[in-house]
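Below you'll find the structure, written out as structure tokens, and then a few comments.
The values are calculated or read from the model by the stated rules, or taken from the named source; none is laboratory data. Every value quoted in this text rests on a predicted model; they were computed, and no experiment measured them. Glycine also receives a Cβ, built like all others from the backbone with ideal geometry; neighbour counts cover every protein chain displayed.
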Amino acid sequence: MADRPLNGHRVLALVTNYGVEQDELLVPLKRLREDGADVTVAAAEAEPVQTLVGDKDPGEVVEPDATFDVVDPGDHQLLLLPGGTLNADQLRLDDKALALVKAFASSGRPIAAICHGPWALVEADLVRGKTLTSYPSLRTDILNSGAASWVDKSVVSDSEGGYTLVTSRTPDDLDDFLGAVGKALVGS
């Protein structure tokens, strides 16, 4: 369909195989695809991804399209980092995932992170000079990472430092987050 605003755009979502917050993965997948984007879900392993609701209750299971070690970041225009405490904590410790995050930032392509998703950006030293938001418990980590500013807003877009970073706090902010993600993707 030609009238879908994200036709021809490709998004890469990085998740671990256990603990991604269900709505922070599934709602963006659904909305981005409805708007015409081609979304690839890359996981640490080829096994199914078990989402969680509220970091504790089992959610839907998602089949990944690729794994971190075989996905080509150059094939995608925007990187999506969903949250979920367990997912984000494991993601920031995965060297292959961090290499993908760094590849997007160094090439100037946008990154969108929600909830605990910014942990990977902190670990990759990619928040210097940025203003961002996140789940409130990440505020101290972000501020301690260097010259980053944290604000309590539903969505923040920041283009400082050579790449656009879109961040949001929780699943309650998904409408604002996805609006900003669409703008960043079309502008990329």
Here the residues within the stretch 126-165 that are modelled with pLDDT of 95 or more, within 21 Å of Gly108 (Cα to Cα), in a loop (DSSP other than H, G, I, E, B) and of a type in the set (Val, Ile, Thr) are Thr133, Thr164
Per the filter on the stretch 121-136, residues farther than 21 Å from Leu14 by Cα and out of contact with any Ser or Thr (no Cβ under 8 Å at 6 or more places or on another chain) are Gly129, Pro136
Taking into account only those residues within the stretch 166-188 that are not hydroxyl-bearing (Ser, Thr, Tyr) and not in a helix (DSSP H, G or I), which is nearest to Val156 (Cα to Cα)? Val166
Take the conditions of a type in the set (A, V, I, L, M) and without any contact (Cβ under 8 Å) to a residue 40 or more places away in the chain and apply them to Leu52. Does it pass? yes
Quick one: count up the residues across the stretch 105-125 that are crowded, with 24+ Cβ neighbours inside 10 Å and assigned to a helix (DSSP H, G or I). 4
Show me the strands (runs of 3 or more DSSP E) found entirely inside the stretch 1-91 where at least 1 residues are more than 19 Å from Pro118 (Cβ to Cβ) and touching a strand residue (DSSP E or B) at 6+ places or on another chain (Cβ under 6 Å). 10-15, 18-21, 38-43, 49-53, 57-62
State which residue pairs qualify: first residue under 14 Å from Leu80 (Cα atoms) and inside the stretch 169-184, second residue modelled with pLDDT under 95 and not in a helix (DSSP H, G or I) in any location, beta carbons under 8 Å apart, and separation of 6 or more residues or different chains. Gly182/Pro5; Gly182/Leu6
